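The values are calculated or read from the model by the stated rules, or taken from the named source; none is laboratory data. All figures in this text were calculated on a predicted structure; none of them were measured in a lab. Here the Cβ positions follow ideal geometry from the backbone for every residue, glycine too, while neighbour counts run over all protein chains shown.
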Amino acid sequence: MPNATIRKPSSKSSSNGVASGGSNGFTPHIISGKATPSKLQAHKMVFYFGSTRTEGNAGLKALLGGKGANLADMCQIGLPVPPGFTITTDTCAAYYRAGQRLPVGLMNEVHKYVNQLEKETGKKFGSAENPLLVSVRSGAAVSMPGMMDTILNLGLTDAAVEGLAKVTGNRRFAYDSYRRLINMFGDVVMGVDHERFEHAFDHIKAKYKAATDTDVPEQGIVELCEAYKEVFRKKVGETFPQNPFKQLELAIEAVFKSWNGERAVAYRRLSNIQGLHGTAVNIQTMVFGNMGEDSGTGVAFTRNPSTGDNKFYGEFLINAQGEDVVAGIRTPISCDEMPKWNKTVYGQLLKIKGKLEKHYREMQDIEFTIERGRLYMLQTRTGKRTGFAAVKIACDMVKEKLITEKQALVRIPAGDLTQLLLPSFDPTKKKLATLLARGLPASPGAAVGKPAFTAADAVKRKQNGESVILVRKETSPEDVEGMHKAAGILTSTGGMTSHAAVVARGWGKCCVVGAGDLHIDAKNETITVRGKVITRHDVISIDGSTGEVMVGAIPTVEPKLSGDFSTIMRWSDKYRRLQIRTNADTPADARRARDFGAIGIGLCRTEHMFFEGQRIKSVRKMILAETREEREEYLAELLPHQRDDFVGIFTAMKGLPVTIRLIDPPLHEFLPQDEKSQAELARAMGVTPEKVRQRVAQLHEANPMLGHRGCRLCVTFPEILVMQVRAIVEAMLDCVANGIKAMPEIMHPLVGSRKELEWLRRMTLETIDAVKKEKGWQKRIDIPIGTMIEVPRAALTADEIAHEAEFFSFGTNDLTQMTFGYSRDDINTFLPDYLHKELLDADPFQTIDQSGVGQLVRMGLERGRATNPKLKVGICGEHGGDPKSVHFFHRAGLDYVSCSPYRVPIARLAAAQAVILAESNK
Ligand code: PEP
Ligand code: MG
């Protein structure tokens, strides 16, 4: 049986060591830095690595891919690596440029490098005496877990297999390796359905009355090779290639092709990996972990990737091939058990852990093989980790003096902090829950949903608004779309390094693997555990931090933040320049955001308050009113509620500034659209249902987002402005009377011209004055008045508008909508196509479009400040909590960003990273 090479998911860290991406994958991967090859290297198609000579290094990730560059690097630092060579990513790009043809001269180079490998290993490609076998594996600059193709045992032919039998003294092993090559080559390179090979194997097993593959005797395996060759010939129309170089050429091409395979393209889209032009191909001497009880294979992390604990953490299998560890076919043994099996190898691995961490100053994810007691390193890369682990490892490495505070900060993908802030299961409620099974805690989190047994079903049901847990025996790269959509992932086989575990951890998705008690019947859509049957209609809860699988929906509780988290926040505050505010409409949100470190509210959307309890009735009556007097009567009903809301928020913010935005949405949004509710409203108001229906029809707009909304409402109905401003001032005075400092700021939405704001400002000031007089208030009342900049015209005429404003806050949601002309509510109908075809780099409503919308931000800021140098400028659209956008707002020179409470820590860290990156780019 072949091999030791393990195909496994890998890191998303970029070559320059900067955390790129996050669990949400909003941030594209950065490939840059010192990875620029020299002129000579730029034309080189192939790079050698081995003990005799190594041409590449870790700096050449863009050219050699992550795997290739690190293999070279491990050779450079003297680790035991089977020799090989790497074909560059540029060569893959050239292959596509040439209309999918291998570049001229490539195979000559490959011949030369195989010769060199032969010299170093003393073996010969295709030899009937002592054959050289190689693995052919993909490896892009950003690794993509199992998404591209791998071929093992390449070089075996009818003649070479006899050679392998001779040198290993194990004919069964040799033929087993050969049948695996024919299967893998047939499947991956020539597109022969794997099932056809399975079928042939079943036939042989039946003939030899063998229960499992390993029970088939040598003769059976020899016959199996013949049967496989026949399957190959029938399906491909040619015999299995007996020229090893022909095998190699076809395999190289297959790896190039897999770069644009469905799985790889989907993974790049879901993980927002852009800007890469191809995969490298690594051709490496095979070593075998399945040569007997003194051989083995494993994968490990230099620290625990789930918790961050500084402890070598891995799994291995004795007498096994690498694929077995990752695919979850056999559940592996923890490396803690390894000393009992081979103490020397365990000691060597621990030494290598230290050496690698000292060299890379980063947690590494390694693959290794032991061939007859001899350890080989097959791969190292920056290990994917959970948000918890990222924070702990960063803090620990600073303590261990491996990295500086600044390096620690840029290493943590800011978006991954969300994982630390997410709720976990309420322990008291969890105690009462029925435990269904226990698996391995592969990726923390608390997920609740109904089982989906296929990835496609998970995608479909999620789209229909259902929360689903993807339940599989094991996951494979084909499942990524469903894994991404599911609330959590649950498998019955596989270990902590299985495909499901690694992918889930990378995305920060809750995942439990290896819950062996679960009998999953995907066909009948049931999970059976000790007689209990769970169907697709039953809700289950999975705890990714403990591995528990439970029946029903368990309630969750808020997290307790660790000391390391506070350390990261403290360091972030030390380095950042941008201030972080929050978008909050309730005292509870305000308090949470303050606890997370917000230094004010940047957006309090007052209309949200209109929906609560009985108030919506007054709002509706106000909208239906026919005269100003009538409207004022209903607004008077609303006033005390609105005032109390503001008192609550000012109290929660303890003297920090609170930017209150006046009413924004079109009025029809407040009215019932269905007949029954319209009739109820009519009854409450003592009018006919017809009247309500007519008013609803009257308020209907063809383009409500561009219609009667924002400040336009207050222009038409100034009494709304008067009520809201009155509520703000009265709340402020109430607070002051009770010894609470209140700092409101009044913000007008959707302003597009100076005249508009001038008018609104006058109305606002008059109302403030009126309340002041009425209350007999003698002292000054300082309430800054400003505007949102969310209409492109406002950005273009910001110099004029700034005459009337003490602050600007960019409403980048509307600004994006109006700049692109994309409806923010309907973009999903076409966004997937735009992302898929790479017509957009990212969803512009999540990550700011720097060159378009960003230009308006820069212009608005510059023109506004030209008129009013003291103008305070912030942003309160969704982009305020997106790390990449925060970097842009820092560079643009804004004073603050405002985001939802849970994203405040993300914004704090991202703002610090922006400063550190700007320094390092100087
Ligand atoms: C915006 O448009 O960016 C904004 C914050 O306002 P809203 O999302 O409420 O329209
Ligand atoms: Mg808006």
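Of the residues making up region 802-826, those that are in a helix (DSSP H, G or I) and within 16 Å of ligand 1 (Cβ to nearest atom) are THR812, ASN813, ASP814, LEU815, THR816, GLN817, MET818, THR819, PHE820. Listed conditions (1) modelled with pLDDT of 95 or more; (2) within 12 Å of ligand 1 (Cβ to nearest atom); (3) touching a Gly at 6+ places or on another chain (Cβ under 9 Å); (4) part of a helix (DSSP H, G or I) are all met by PHE888, apart from (2). Can you confirm whether region 214-223 contains a residue that is surrounded by fewer than 17 Cβ atoms within 10 Å (Cβ to Cβ), outside any helix (DSSP H, G or I) and touching a residue at least 12 places away in the same chain (Cβ under 8 Å)? Among the residues of region 214-223, at least one is surrounded by fewer than 17 Cβ atoms within 10 Å (Cβ to Cβ), outside any helix (DSSP H, G or I) and touching a residue at least 12 places away in the same chain (Cβ under 8 Å), which makes the answer yes. With respect to being more than 16 Å from ligand 1 (Cβ to nearest atom), modelled with pLDDT of 95 or more and assigned to a loop (DSSP other than H, G, I, E, B), GLY739 fits the description. Each residue in region 487-514 was checked for being part of a loop (DSSP other than H, G, I, E, B), among the small types (Gly, Ala, Ser) and within 30 Å of ILE412 (Cβ to Cβ), and 6 pass. Of the helices (runs of 4 or more DSSP H) lying entirely inside region 672-719, those containing at least 2 residues that are β-branched (Val, Ile, Thr) are 689-699, 711-716. Scanning region 644-687 for residues that are charged (D, E, K, R) and more than 16 Å from ligand 1 (Cβ to nearest atom), we see that the one that is surrounded by the most Cβ atoms within 10 Å (Cβ to Cβ) is ASP645. Starting from region 572-588, keep only residues that are under 16 Å from VAL873 (Cβ atoms) and in contact (Cβ under 8 Å) with a residue 12 or more places away in the chain, then list their pairs with residues that are of a type in the set (Lys, Arg) and away from ligand 1 (no atom under 16 Å from the Cβ) whose Cβ atoms are within a distance under 7 Å, requiring at least 6 positions of separation or different chains. Partner pairs satisfying both residue conditions: ILE580/ARG908.
Residues checked against (1) surrounded by fewer than 19 Cβ atoms within 10 Å (Cβ to Cβ); (2) over 30 Å from GLU838 (Cα atoms):
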residue: LYS205; (1), (2): yes, yes
residue: TYR208; (1), (2): yes, yes
residue: PRO244; (1), (2): no, yes
residue: ASN272; (1), (2): no, no
residue: ALA280; (1), (2): no, no
residue: GLY296; (1), (2): no, yes
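Restricting attention to region 661-678, the residues that are within 16 Å of ligand 2 (Cβ to nearest atom) and not hydrophobic (A, V, I, L, M, F, W, C) add up to 5.
Among all positions in region 276-294, there is no residue which is under 27 Å from ALA389 (Cα atoms) and in contact with a helix residue (DSSP H, G or I) (Cβ under 9 Å, 6 or more places away or on another chain).
In the set (1) surrounded by 15 or more Cβ atoms within 10 Å (Cβ to Cβ); (2) under 30 Å from LEU662 (Cα atoms); (3) among the acidic types (Asp, Glu), the condition left unmet by GLU612 is number (1). For region 262-283, the condition of being over 33 Å from the mean Cα position of the chain (by Cα), within 30 Å of LYS124 (Cβ to Cβ), assigned to a loop (DSSP other than H, G, I, E, B) and not hydrophobic (A, V, I, L, M, F, W, C) holds for none of the residues. Screening ALA727 with (1) crowded, with 23+ Cβ neighbours inside 10 Å; (2) within 42 Å of the chain's Cα centre (by Cα); (3) touching a residue at least 60 places away in the same chain (Cβ under 8 Å) gives one miss only, at (2).
May I ask you to verify whether THR812 is of a type in the set (Ser, Thr, Tyr) and more than 16 Å from ligand 2 (Cβ to nearest atom)? No: the conditions fail for THR812. Being aliphatic (A, V, I, L, M) and either in a loop (DSSP other than H, G, I, E, B) or under 20 Å from ASP585 (Cβ atoms) (or both) is the filter here, so list the residues in region 624-639 that pass it. Of everything in region 624-639, those that are aliphatic (A, V, I, L, M) and either in a loop (DSSP other than H, G, I, E, B) or under 20 Å from ASP585 (Cβ atoms) (or both) turn out to be ALA625, LEU635, LEU638, LEU639.
Taking ASP882, is it away from ligand 2 (no atom under 16 Å from the Cβ), touching a strand residue (DSSP E or B) at 6+ places or on another chain (Cβ under 9 Å) and more than 14 Å from THR847 (Cβ to Cβ)? When the stated conditions are applied, ASP882 does not pass them. The residues in region 153-162 that are crowded, with 23+ Cβ neighbours inside 10 Å and in contact with a Gly (Cβ under 9 Å, 6 or more places away or on another chain) can be counted, and the count is 3. Within region 827-871, being outside any loop (DSSP other than H, G, I, E, B) and among the acidic types (Asp, Glu) holds for ASP833, GLU862. Cβ-Cβ below 6 Å, separation at least six or inter-chain, first residue in region 699-710 and surrounded by 15 or more Cβ atoms within 10 Å (Cβ to Cβ), second hydrophobic (A, V, I, L, M, F, W, C) and outside any helix (DSSP H, G or I): which pairs? Close Cβ pairs (under 6 Å, with a partner that is hydrophobic (A, V, I, L, M, F, W, C) and outside any helix (DSSP H, G or I)) amount to GLY710/LEU750. Under the condition of being more than 15 Å from ligand 1 (Cβ to nearest atom), of a type outside the set (Phe, Trp, Tyr) and touching a helix residue (DSSP H, G or I) at 6+ places or on another chain (Cβ under 9 Å), the residues counted in region 704-723 number 8. Among the residues making up region 187-241, those that are of a type in the set (Phe, Trp, Tyr) and either at pLDDT below 95 or over 17 Å from ARG172 (Cβ atoms) (or both) are PHE197, PHE201, TYR208, PHE232, PHE240. Against the condition more than 26 Å from THR787 (Cβ to Cβ), surrounded by 24 or more Cβ atoms within 10 Å (Cβ to Cβ) and either in contact with a Gly (Cβ under 9 Å, 6 or more places away or on another chain) or touching a residue at least 24 places away in the same chain (Cβ under 8 Å) (or both), how does ILE848 come out, does it pass? It is false that ILE848 is more than 26 Å from THR787 (Cβ to Cβ), surrounded by 24 or more Cβ atoms within 10 Å (Cβ to Cβ) and either in contact with a Gly (Cβ under 9 Å, 6 or more places away or on another chain) or touching a residue at least 24 places away in the same chain (Cβ under 8 Å) (or both).
Cβ-Cβ contacts under 8 Å between residues 6 or more apart (or on different chains), taken from a first residue in region 422-447 that is within 16 Å of TRP507 (Cβ to Cβ) to a second residue that is outside any helix (DSSP H, G or I) and aromatic (Phe, Trp, Tyr), are listed as ALA446/PHE425.
Mind checking whether some residue in region 102-123 is touching a Gly at 6+ places or on another chain (Cβ under 9 Å), within 14 Å of ALA251 (Cα to Cα) and surrounded by 15 or more Cβ atoms within 10 Å (Cβ to Cβ)? Among the residues of region 102-123, not one is touching a Gly at 6+ places or on another chain (Cβ under 9 Å), within 14 Å of ALA251 (Cα to Cα) and surrounded by 15 or more Cβ atoms within 10 Å (Cβ to Cβ), which makes the answer no.
Every residue, every condition in (1) modelled with pLDDT of 95 or more; (2) out of contact with any Cys (no Cβ under 6 Å at 6 or more places or on another chain), yes or no:
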| position | (1), (2) |
| --- | --- |
| HIS748 | yes, no |
| SER753 | yes, yes |
| VAL771 | yes, yes |
| ALA794 | yes, yes |
| SER809 | yes, no |
| LEU815 | yes, yes |
| ASN828 | no, yes |
| LYS837 | no, yes |
| ALA842 | no, yes |
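Quick one: would you say ALA794 is assigned to a helix (DSSP H, G or I), surrounded by 16 or more Cβ atoms within 10 Å (Cβ to Cβ) and within 16 Å of ligand 1 (Cβ to nearest atom)? When the stated conditions are applied, ALA794 passes them. For region 476-500, the set of residues classified as at pLDDT below 80 and out of contact with any Leu (no Cβ under 7 Å at 6 or more places or on another chain) consists of SER476, PRO477, GLU478, GLY494, THR497, SER498, HIS499, listed by residue number.
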